[in-house]
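Handing you this structure, nothing more for now.
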Amino acid sequence: MFDEAIKQYEANLEETGLQQLLPFLCKQSLDVVKQGDWPHWRDRLAELPALTPSRLEITDRILIGDAADCDADQLSLLRDQLKAFIPWRKGPFKAF
């Protein structure tokens, strides 16, 4: 799941003009991250529901998907699981 998300993110990143960040998304680069508790965060990311957002915008804020991209149960599960990443350090975020 996490590897699939990274591949999708790479494809979307190419459309934003931020291609120079791609080398930092490879597994080897991410596995040596010493910030915070990366192994814990990586595991939590892998547990997120497999949703396919209709859009991904990375500008002055991060927009992921629209309300129609998931049902109420999926959204509730996603919100509960995202709480593992509190406190947010960057943002603003808007997901589904």
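All of the numbers you see were taken from the coordinates with simple rules; none came from a lab. Model, not experiment: these values are computed from the prediction. Here the Cβ is made from the backbone with ideal geometry for all residues, glycine too, and neighbour counts use every protein chain on show.
To the nearest 0.05, what FRET efficiency results for Gln20 and Trp41 with a Förster distance of 22 Å applied to their C-beta separation?
Calculated transfer efficiency: 0.45.
Now, a different point. Taking the Cα-to-Cβ direction at Lys7 and at Lys94 and moving 7 Å from each Cα, how far apart do the two end points lie in nm?
Simple spin-label model gives 3.0 nm for this pair.
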